[in-house]
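Contents: one structure, followed by commentary.
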Amino acid sequence: MTNIPTIDISPLLFQSDEQSKIDISKSIRHACETVGFFQIIGHGIDKDLIDNMVNEAQRFFQQSSEEKQDYAVHKWNRLNSNTYRGYFPSSINGKEGLDLCSPYMNCEHKLVKKGDPLHELNKWKINEILIKYWDEMWRIGIELLRAIARAFDLDVFYFDKFLDDRSTGGAGTISTFRLNFYPQIENATPVSIGVDDGEPLSCEEHCDGCLFTILYQHEIGGLQIEIENGKWMDVPVIPYAFVINTGKCLERWTNGCLKAVKHRVKLLKQERLSIPFFLEPSYSTPIIPLPTINCTHKYDPITYGQYITESNKKFKEYQRDENDSS
């Protein structure tokens, strides 16, 4: 029976001996190699901040459709120049969401001024709560990648330089902070049907394209991951824990050693709120198998900007062709 591990990451974050950090790092690597998912506790994020973040998400989604439309991307609001960062309605794939960029994005950078989709600025005002929450997600993401570096016998800071490129002339991280809301619909039509088991779904089967997804499940579950033999397993809701899953980019960067697995959300008849943070490399980062991996490379080199642009085309909420009126 496959289990989703729960890992106490406090030794990574607070003063502890190096062997404890190595042991936790190996546990994280093992979870990414075998399951592709794990939950973390001992992360040090204040419960009040998490509760406040939930309140902020609810405040956004409780606005009227007309108010939320002000923040919709160009496909659904022709007055908004953003095509990537912003709001998308539930009509597209059963859930509505708000995609946000780093509050520290360099607004004077040429890619920002050019309007490059991956460097768009936020239309929704980022307040102190969102900034603090972003900072905590960033802190956790950095430490998870430092754990991966340890587990692959690399310098512990190996990935740091690939995440925020402002010091080398870039605009900063292009990681994505998202608010997701699944509205309550009594007679909801499934977004899709499970390929292997015919399960009605609120979110289609997919793999994330990033390095790690750091997900807060607020009270209501429904998230499932694919396990061996095409079977699916529920991801339990652990109060104030975070669900972590390996993204396709980290799978590629580790030459397939770590695996990104499919996940989905069952069709629900109750409201569901989730808050994922997609940890991503910088725009120009070359995604090449790690130097300590001594085997034939399975993937061609690619820059992250090119990679994630292609990867996002698979997701309904990012299919934003001007001629598509859906």
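The values are calculated or read from the model by the stated rules, or taken from the named source; none is laboratory data. For clarity, every value in this text was computed on a predicted model and none was experimentally measured. Positions of Cβ are generated from backbone atoms using ideal geometry, with glycine treated the same way; all protein chains shown enter the neighbour counts.
Only one entry in N312, N255, N294 is in contact with a Pro (Cβ under 6 Å, 6 or more places away or on another chain) and polar (S, T, N, Q), namely N255. With respect to the conditions (1) under 30 Å from D23 (Cα atoms); (2) surrounded by fewer than 22 Cβ atoms within 10 Å (Cβ to Cβ), W76 lacks only one, and its number is (1). Whether any residue in the stretch 42-65 is buried (at least 20 other Cβ atoms within 10 Å of the Cβ), under 19 Å from the mean Cα position of the chain (by Cα) and closer than 18 Å to A151 by Cβ is what I want to check. Looking through the stretch 42-65, none of the residues is buried (at least 20 other Cβ atoms within 10 Å of the Cβ), under 19 Å from the mean Cα position of the chain (by Cα) and closer than 18 Å to A151 by Cβ.
If you take the residues of the stretch 157-184 that are out of contact with any Lys or Arg (no Cβ under 9 Å at 6 or more places or on another chain) and part of a loop (DSSP other than H, G, I, E, B), which of them is surrounded by the most Cβ atoms within 10 Å (Cβ to Cβ)? Per the stated criteria, the residue is I174.
Here H30 fulfils each of the conditions (1) at pLDDT 95 or above; (2) surrounded by fewer than 16 Cβ atoms within 10 Å (Cβ to Cβ); (3) part of a loop (DSSP other than H, G, I, E, B); (4) not small (G, A, S) apart from (3). Among the residues of the stretch 196-215, those that are over 30 Å from T303 (Cβ atoms), touching a residue at least 12 places away in the same chain (Cβ under 8 Å) and not charged (D, E, K, R) comprise P200, L201, S202.
Working carefully through the options G115, G86, find the one that is farther than 26 Å from R252 by Cα and buried (at least 20 other Cβ atoms within 10 Å of the Cβ).
G86
Of Q15, Q19, all but one fail to be part of a helix (DSSP H, G or I) and free of Cβ contacts under 8 Å to residues at least 60 places away in the same chain; the exception is Q19. If you take the residues of the stretch 291-301 that are under 25 Å from T173 (Cα atoms) and free of Cβ contacts under 8 Å to residues at least 24 places away in the same chain, which of them is surrounded by the fewest Cβ atoms within 10 Å (Cβ to Cβ)? Only one residue fits best here, namely D300. Please specify each residue of the stretch 113-156 satisfying the condition of being in a loop (DSSP other than H, G, I, E, B) and closer than 17 Å to I9 by Cα. Within the stretch 113-156, V156 is the sole residue that qualifies. Each residue in the stretch 251-274 was checked for being more than 16 Å from the chain's Cα centre (by Cα), outside any strand (DSSP E or B) and touching a residue at least 60 places away in the same chain (Cβ under 8 Å), and 8 pass.
Exactly one residue out of I24, I50, I28 is within 21 Å of I238 (Cβ to Cβ) and touching a Pro at 6+ places or on another chain (Cβ under 7 Å), and it is I24. Which residues, taken from the stretch 206-222, are of a type in the set (A, V, I, L, M) and closer than 17 Å to W134 by Cβ? Scanning the stretch 206-222 gives L211, I214, L215. The residue that is surrounded by the most Cβ atoms within 10 Å (Cβ to Cβ), counting only those in the stretch 206-242 that are assigned to a strand (DSSP E or B) and of a type in the set (F, W, Y), is F212. Among the residues of the stretch 299-326, those that are in a loop (DSSP other than H, G, I, E, B) and at pLDDT below 90 comprise K313, K314, F315, Q319, R320, D321, E322, N323, D324, S325, S326. Checked against the criteria, I129 does not count as of a type in the set (A, V, I, L, M), touching a residue at least 12 places away in the same chain (Cβ under 8 Å) and in contact with a strand residue (DSSP E or B) (Cβ under 8 Å, 6 or more places away or on another chain). Scanning the stretch 185-205 finds one or more residues that are in a strand (DSSP E or B), buried (at least 17 other Cβ atoms within 10 Å of the Cβ) and aliphatic (A, V, I, L, M).
From the list S10, S25, which one is hydroxyl-bearing (S, T, Y) and either in contact with a helix residue (DSSP H, G or I) (Cβ under 6 Å, 6 or more places away or on another chain) or on the phi > 0 side of the Ramachandran plot (or both)?
So the residue among S10, S25 that is hydroxyl-bearing (S, T, Y) and either in contact with a helix residue (DSSP H, G or I) (Cβ under 6 Å, 6 or more places away or on another chain) or on the phi > 0 side of the Ramachandran plot (or both) is S25.
Answer with yes or no whether L98 is of a type outside the set (D, E), in a strand (DSSP E or B) and at pLDDT 90 or above. Yes, satisfied.
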